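Step one of this worksheet: look at the structure below.
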Amino acid sequence: MSKNWYSDLPQYYQRQIKAMGLDEAGMNRRRMLKGMAGAAGVAMLGLNTRQAQAATQMTYMCWEGYNDPRIIDPFNKANDTEISFDLIVDSPGGFAKLQAGASREVDLVSSDMPWITRMGPAGLALELNPDDYKDVYADFYDQFKPPFEPLMNEGKTIGVATRWGWVGPCVNTDVTKPEVWKTYDPVFDPANKDKICVMDWGDWPILPMALHAGINPYEPLDEKQLNEVRLVLRAMFKNTRTLVGDLTQAQKGLLDGSLLGCIGAGSYLTSAVRKQGHKNIMAVVPEPKNGLKQGIIWVEATAVLKESDQPDLSQKLLKHVVSKDAAHILALLDSTCNVVTNKAVESRFTPEEKDILQMDYMWTAYDNSQMHRIAPNIDEMLAIWQEELAAAQ
Amino acid sequence: MDMEVSRSWRDPELWVKALPSVVLQTTCFLAPLVMTFILTFQKTQNFQLNWTWSLATWTDVFTKPHYWTILGHTLFMAVACVVVCIIIAFPIAYGLATRFKRLDNEIKVLITFAFITDATLKTFGWVLFLDKKGAANYLLAHLGFPAETVAFLFTDWATLLGMVYNLLPFAIFTIYLSIDNIDRSLILAAYDAGASKFRAFWEVTLPLSRPGIWAGSVLIFLLGVGVFLEPKVLGGGKSPMSAELIRQTFETRVNWPLGAALTLVLMVVAIFVVLLFSRVAGMRRAGA
């Protein structure tokens, strides 16, 4: 029996050291941090023995929902892992956190696609070999199979798409007709003053308004085009009742009819309300205007961190997250429901679940939408947003 | 004979005693502040910090008027909150310290409960109350008032209401402590000298409770310039205040140098306002 650095310690401590994964590979900074976090967890929370004895500790930065025990527990059990979560509340914030050093502790990230793609040039994400994911992609809708250009950086795949949906007006069909929202014109109609809600979620309300102004925000913009964006935002603020950062406020307003429509959100906002039986709340996509598609398809994706000390397990977890079983759970969470990229899940959905997800409408929405990706001038547009908001007060 | 204590910087004992505090202040306050200041001279590129020295951020801050519009609005709201809080808190604190002595423990417990209840919960509670279809309008409609009588949700008034509601206990407690510490014999002496109740209050109670008013004002002002929940939830986000601007800049724009610069500007301006107010109040006291 070989002697190692902890052989002289009592048996109890030796077991803990093994459980924390500090036994063989030595004590690098990453292991030290994870070990400390694990030890602190055990000491402070009195975690049960099974968790403390998991062979591998992993950290998963994700939106709420990806951490659902029904998704994660089977993986932990099958792989003898203990996954801790770093829940993000907005994608830029998560990206900023990774850049600030969290990339050293995080193994896997599930976030909005543009921010996953940005992880490529930022040197944060591990480039994936699509051939390693053939079995995963076999179940995918064709639209998200490789080469899926929005998730690529210089020809390399950065992540795998997981959930998706569409951005368009969210309306209550009891107080307005979906046909009225074939354009974004009602947003600017003086008759709707103080009846429009805008989701204050970074670029989400800006991009549809740019499209309405005839500007494609996913292409490089010149000063004149940016000024058009400025004007359309200025006009939008005139009719806006509230900018909300919280889904429930918008959902409540739509349900009680105090809000006619909500801009900058979409199926992400409506699906959870529909799950509760309010089928009168729906997300629609305006029709193309002068050849420019007015809707936006958002996609969430998952990537493995370059600095992960468990690259194989992380890729295994990634495959697990997009698997049929996990994707079915991910599609119908309590907080939000969304369609997933895994086509095989369709067979599991009941007609009611399909109705909740507006699956009869999803390809219409897809066909009338831009694929959300990195908007080259987004920082200028966000600055314009701040300026116009300050001017509006 | 009084022993004069020598306090010279050459005194090693003084250094030893001051060392923990100096280390704490340096590591937890000064060092982050210096790092924040250094950060303002860097640039971002493609949402990443680019360690290149530049004055671009400060040029941006001093040339874009909207930052100052939002800062001005923030200061105005914070000052308004201070004024309203003091006006409301003083009679409550005075009553607690003088008229309701018998019940002051129960009342303090109630105020403390309001104090420790989560601000998010309370703020969203106001939304449910003030909404077009909320409890206030429902009750008023049943009393015969026109529909949607209460219609100030998502305005600055609603923001102010939320700020006052959440920050009021700070003023109540600081003023209460101040009034409670007033020597009652001074007030009785004023009565003996022929002062009316109002004159005794004006000449004795109010001046002696000034430290509490001042402490409460500073506390509320500094907390007021940092609020982001109330303007976002009750104000409808249409009149953003500096904290929200800074959050947006750090998180949504991932522009850390600009966020750091706006943070420093807010800090400096807030401290300047407090010092200015302090000086004016000091001059008035000296002149009185």
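Here, each number is a calculation from the coordinates, and none is a lab measurement. Treat the numbers as computed from the prediction; the structure is a model and nothing was measured. Glycine also receives a Cβ, built like all others from the backbone with ideal geometry; neighbour counts cover every protein chain displayed.
According to the Cα gyration tensor, what semi-axes, each the square root of 5 times an eigenvalue, does the equivalent ellipsoid of the stretch A:210-359 have, listed from largest to smallest in whole Å? Let's see the in-between values first.
Working: eigenvalues 201, 113, 45 Å².
Semi-axis lengths for the stretch A:210-359 are 32, 24, 15 Å.
When +1 charges are put on Lys and Arg Cβ atoms and -1 charges on Asp and Glu Cβ atoms, the dipole computed for the stretch B:66-287 relative to its Cα centre reaches about 280 debye.
Can you tell me the mean projection area, over all orientations, of the convex hull of the stretch A:44-176's alpha carbons? Units nm², please. Before the final figure, lay out each step's value.
Working: hull surface 47.7 nm².
Hull-based average projected area comes out at 11.9 nm².
Distance between the modelled labels on residue A:70 and residue A:216, one decimal in nanometres: 4.1 nm (7 Å Cα→Cβ projection). Annotation: amide H of residue A:125 within the under-5 Å range of A:120, A:306, sequence separation 5 or more or interchain, hydrogens built in the peptide plane. Once Rg and the Kirkwood radius are both taken over the C-alpha atoms of the stretch A:188-294, their ratio Rg/Rh works out to 0.99. With the charge dipole of the protein assembly as shown set up from +1 on Lys and Arg Cβ and -1 on Asp and Glu Cβ about the Cα centre, the Cα lying farthest toward the positive end among the listed residues A:301, A:183, B:45 is that of B:45.
Sum up the charges of everything whose Cβ sits under 12 Å from the Cβ of residue B:92, counting Lys and Arg as +1 and Asp and Glu as -1, but leave residue B:92 out. Kindly include the intermediate steps, with their values, before the conclusion.
On the way: positive: B:99, B:108; negative: B:104.
Overall, the nearby charge balance is +1.
Measuring max minus min along each principal axis, the C-alpha atoms of the stretch B:66-287 give extents of 64, 50, 28 Å (largest first).
Efficiency by 1/(1 + (r/R0)^6): what FRET value for residue B:157 and residue B:192, r their Cβ-Cβ distance, R0 = 45 Å, to the nearest 0.05? Don't skip to the answer; put the middle values down first.
Values: r = 46 Å, r/R0 = 1.03.
Plugging the Cβ-Cβ distance into 1/(1 + (r/R0)^6) gives 0.45.
Counting 0.36 nm for each residue step from residue B:83 to residue B:33 and taking away their Cα separation leaves a gain of 15.0 nm.
Take every Cα pair under 8 Å whose residues are at least 6 apart in sequence, average their separation, divide by the length of chain A, and the relative contact order is 22 percent. Membrane-span-like helices in chain B, defined purely by DSSP H runs whose alpha carbon atoms cover 24 Å or more axially and whose average Kyte-Doolittle hydropathy reaches 0.0, are B:65-94, B:156-180, B:256-287. Here's the picture: charge each Lys and Arg Cβ at +1 and each Asp and Glu Cβ at -1 in the stretch B:66-287, and of B:209, B:219, B:229 the one pushed furthest to the positive end of that dipole is B:209.
Order these by the 10 Å Cβ neighbour count, fewest first: A:273, A:89. Please list the in-between numbers first.
Working: A:273 25, A:89 10.
Ascending number of Cβ neighbours within 10 Å: A:89, A:273.
In terms of surrounding Cβ atoms within a 10 Å radius of their Cβ, B:238, B:133 rank from fewest to most as B:133, B:238. Cα axis of helix A:69-79 to longest principal axis of chain A: angle in degrees, 0 to 90, nearest 10? With rounding to tens, the tilt is 30 degrees.
Rounded if a/c is under 1.5, else prolate if a/b is larger than b/c, else oblate: which is the protein assembly as shown, with a ≥ b ≥ c the root eigenvalues of its Cα gyration tensor? Before the final figure, lay out the partial values.
Values: a/c = 1.86, a/b = 1.31, b/c = 1.42.
Oblate shape, in that a/c is at least 1.5 and b/c is the bigger or equal ratio.
Rg over Rh of chain A, using C-alpha atoms and the Kirkwood radius, what does it come to?
Details: Rg = 23.0 Å, Rh = 22.5 Å.
Reported Rg/Rh (Cα atoms, Kirkwood Rh): 1.02.
Quick check for me: using +1 on Lys/Arg Cβ and -1 on Asp/Glu Cβ, what's the dipole size of the stretch A:54-202 about its Cα centre, in debye to the nearest 20? Intermediate values should be presented prior to the final figure.
On the way: 13 positive and 24 negative charges, 52 e Å.
Computed charge dipole of the stretch A:54-202: roughly 240 debye.
Listed values for the stretch B:232-245 are Karplus-derived 3J(HN,Hα) couplings in whole Hz (6.51 cos²θ - 1.76 cosθ + 1.60, θ = phi - 60°), namely 6, 8, 8, x, x, x, 7, 10, x, 10, 4, 4, 5, 4, and x replaces Gly and Pro.
Below 14 angstrom from the Cβ of residue B:167, what's the summed charge of the other residues (Lys, Arg +1; Asp, Glu -1)? Spell out each step's value before the answer.
Values: positive: B:122; negative: B:230.
Local charge sum for residue B:167: 0.
In chain A, the sites counted are trypsin sites (Lys or Arg not before Pro) in DSSP loop states with at most 12 other Cβ atoms within 10 Å, and the longest stretch holding none of them, exclusive of the sites, is A:194-393. Note on chain B: with a GNM built from Cα contacts shorter than 10 Å, the maximum mean-square fluctuation among B:77, B:35, B:163 falls on B:35.
Within chain B, the longest run free of exposed loop sites, counting chymotrypsin sites (Phe, Trp or Tyr not before Pro) that sit outside DSSP helix and strand states (H, G, I, E, B) and have at most 11 other Cβ atoms within 10 Å, spans B:54-288. Taken along the Cα-to-beta-carbon direction at a fixed 7 Å, the label points for residue B:276 and residue B:199 span 3.8 nm.
When chain A is treated as a GNM, springs tying every alpha-carbon pair under 10 Å, which of A:174, A:325, A:86 comes out with the largest mean-square fluctuation? Result for chain A, Cα springs under 10 Å: A:174 fluctuates most. The modelled label-to-label distance between residue B:112 and residue B:45, using points 7 Å beyond Cα along the C-beta direction, is 5.7 nm. Could you tell me whether the stretch B:137-235 comes out rounded, prolate or oblate from its Cα gyration tensor? Rule is a ≥ b ≥ c as square roots of the eigenvalues, rounded for a/c under 1.5, then prolate if a/b exceeds b/c, otherwise oblate. Verdict is oblate for the stretch B:137-235.
Gyration tensor analysis over the Cα atoms of the stretch B:31-122 returns equivalent ellipsoid semi-axes of 46, 17, 12 Å (largest first, whole Å).
As a calculated quantity, the FRET efficiency between residue A:348 and residue B:63 at R0 = 41 Å, using C-beta atoms, amounts to about 0.15.
How much net charge surrounds residue A:256 when only the other residues with a Cβ under 15 Å from the Cβ of residue A:256 are counted, with Lys and Arg +1 and Asp and Glu -1?
Neighbourhood net charge equals +1.
Note on the stretch B:66-287: dipole from Cβ charges, positive end direction compared against B:114, B:171, B:153; the farthest Cα belongs to B:171.
What is the antiparallel percent of DSSP beta bridges lying wholly in chain A, to the nearest 5?
Values: 26 of 45 bridges.
About 60 percent, rounded to the nearest 5.
Stokes-Einstein diffusion of the stretch A:271-344 at 10 °C, 1.306 mPa s viscosity, Kirkwood radius from Cα pairs, rounded to a whole number: 104 µm²/s.
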